[in-house]
Amino acid sequence: MKKIINILKNKEIMGRIVFTIMILFIFRLGAQVTVPGVTIPEDSQLSDFLNGSNPLSLMNLLGGGTLQSFSIFALGVSPYITAQIIVQLLSTDVLPALTELKRQGQYGRKKIEMATRYLTLMLGAVQAYGIIKTMQASDFISFEVAEYEWMTYVYIVIVLLAGSMLVMWLGDQISVKGIGNGISMIIFAGIVCSLPNQMVNAWQTWCNPYIFARGEGEAIAGIFKFLLYVFAYLLIIAFVTFIELSKRKIPVQHSGKGGGQTQSMARASFLPIKINSAGVIPVIFASSILMAPSVIMAFIDSDAGTNATWLGIFNTTTMFDMGGWSMPWGLIIYLVLTVAFCFFYANLQINPAQLAENFQKNGSYIPGIRPGNETERYVRKVLNRVTVIGAAALAFIAALPPVLTMTGVFGGNQSLALGGTGLIIVVGVALEINSQIDGLLAGKSFDEVVASGGQG
C-alpha cells in the first residue's frame, strides 16, 4: 500500500504511466481497424483457428490479437523480434562485420539497430504475403476487389508493413517516455486484454446461467470446475514467477587497487545466472521455424500451403503417422527446438569466454578458480547445469496448451488451454515494470536525501 502511495505522489512515474496508457490505447484502437479492401466472412472459423496451438496463433499472441480482425497492425512486432534474433545470431562471429560493430559501443549499436530494421522490412514482407495466401486459401479472408489481384497483394503487404513500422515506433515512444520496454509492453497489453475473455469463456462453459436448470448437482460441479481452473491458472503464474526470479549466484571478488588497500580488503559480490536466462526467445524462434514450411509453400502454391498432408508433421496438436509411427511429431520437434535454443541463447546472452576475459581485465576472480580458461570452463559448466532446469521448465510451460488440447480436457474449446508463451511474457514484463518503478522510486528517495543534506 505504501508503495502505491509513493507511486501516486511521484509526478515522473505517474506521467510515464499515463503516457504508456495513452500509447497502448492508440495501439488497441488500431488493432480493431481491418485492412481496407479485406473482408472477414461472418461464418469464418478464424477466431477458433487462432485460439489453437499453431504458428499463426503465436503471431496473433505477439501482435496482441490483431490477426483475429486482420487489422492494419496484424503483423505486430513479430518480424522485428525475428529480425533481432537473426542479427544477434549473426553477430556472434558468424558475420565479422556485425561482430566488429557490436564492439564499437553506441555507434555500433545504432548501426546494428538500423540493420535490424531493414531486415524487419524484408521479413515482414515475406511474412505478410505468406499470411495473406494462407488465410485466403482457408477462406478466413476475402478481397472486395477481385480484379488485378497482384496489385491487391502489393497494397495489403504495404499496409501491413506500414502498420508494423508504426507499432515499432509506438513501442520506441514507450521505451523512451513511458514505463517498461515498449515492444514488450505492446505484447503484454494484447495478452492481458485477452485474459478476461478467457475467464468469461470458462464461466460460460461450466457455469452459465442455464446450468441451474439442469439440476443443483451439475451447478455445483460446474462451479467447482471453474474454481479449479482459476486455481490452476494462478498456480501456473506462481510457477512461472518462481522460475523467472530463480537464479544461481556465483561468488566474485574484486581486487582492491586503491592506495593503502590490501588483498584482505577485496570487495565481494555475486554473478547472478538466471535459471531461464533465455526468456521466451527460444519458444518464439522454435515457433517461427515450425511456421516457415507453411509460409514457403504459400509462395509456391497457396493450396499446398494449407492442404499438403506432409505439413501435418509441423502441427503441434495432432498425431502424425510417419513410417508406421503415429506420434505428435510436431510437438516433439517444437520441444527439441525450444530446449536447443535455450542452451544456445543462454550461452549467447552470458558468453562465458567474454565474461572470463572481462574478469581478468578488471581484476575480478571467482574464489578457488584460476583466471582465464579455468574461469570460462567453470562459468560455462554452471550455466549449462542451471539451463537444464530452465529449459525443462520452459518446455513444460510451452507444451501445456498443445498437450491439453490433444487430451481433450477442454473439449473443442482450445481457447481455455492453460500455460504457454503468453504467461511467460506477462510475468516477465510485470517483473520488469516492477523493477523499473523500484529504481525510479529509489532515485527519487536519493534525490530527497541529497536535497535535505544540502539544506542542512
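The values are calculated or read from the model by the stated rules, or taken from the named source; none is laboratory data. Because the structure is predicted, anything quoted here is derived from the model rather than measured. Heads up, the Cβs are rebuilt from the backbone with ideal geometry, glycines too, and the neighbour counts pull from every protein chain shown. These area figures cover heavy atoms from the full protein model, side chains too; ligands, DNA and RNA do not enter into them. Shrake-Rupley method; radii C 1.70, N 1.55, O 1.52, S 1.80 Å.
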- line: Karplus-derived 3J(HN,Hα) from phi for segment 190-195 (6.51 cos²θ - 1.76 cosθ + 1.60, θ = phi - 60°), whole Hz, x at Gly and Pro, runs x, 5, 4, 5, 8, 5
statement: Around Arg248 (Cβ within 9 Å, Cβ-to-Cβ, excluding Arg248; K/R +1, D/E -1) the net charge comes to +4
Pairwise label distance in nanometres, Thr99 with Tyr118, each label 7 Å out on the Cα-Cβ vector: 2.1
- prompt: How many percent of Cα pairs in segment 108-159 exceed 14 Å?
  reply: 62
task: Just add up the charged neighbours of Val192: K/R +1, D/E -1, any other residue whose Cβ is under 15 Å from the Cβ of Val192.
output: 0
statement: So, over other residues within a Cβ distance under 13 Å of Asn434, counting Lys, Arg +1 and Asp, Glu -1, the net charge is -2
field: Amide proton proximity set for Ser246, modelled H, under 5 Å, gap of 5+
entry: Ile275
- prompt: Pairs Lys3/Lys247; Lys102/Lys361; Lys247/Lys361; Lys247/Lys381; Lys3/Lys274: which exceed 23 Å Cα-Cα?
  reply: Lys3/Lys247; Lys247/Lys361; Lys3/Lys274
field: Residue-level accessible surface for Thr316, protein heavy atoms, 1.4 Å, Å²
entry: 10
- prompt: Any idea how far apart Val18 and Met1 come out in nm if each label point goes 7 Å out from Cα toward Cβ?
  reply: 2.6
- line: In order over segment 17-34: 3J(HN,Hα) from phi, Karplus 6.51/-1.76/1.60, θ = phi - 60°, whole Hz, x for each Gly or Pro, gives 5, 4, 4, 4, 4, 5, 5, 5, 5, 4, 4, 5, 5, x, 5, 8, 8, 5
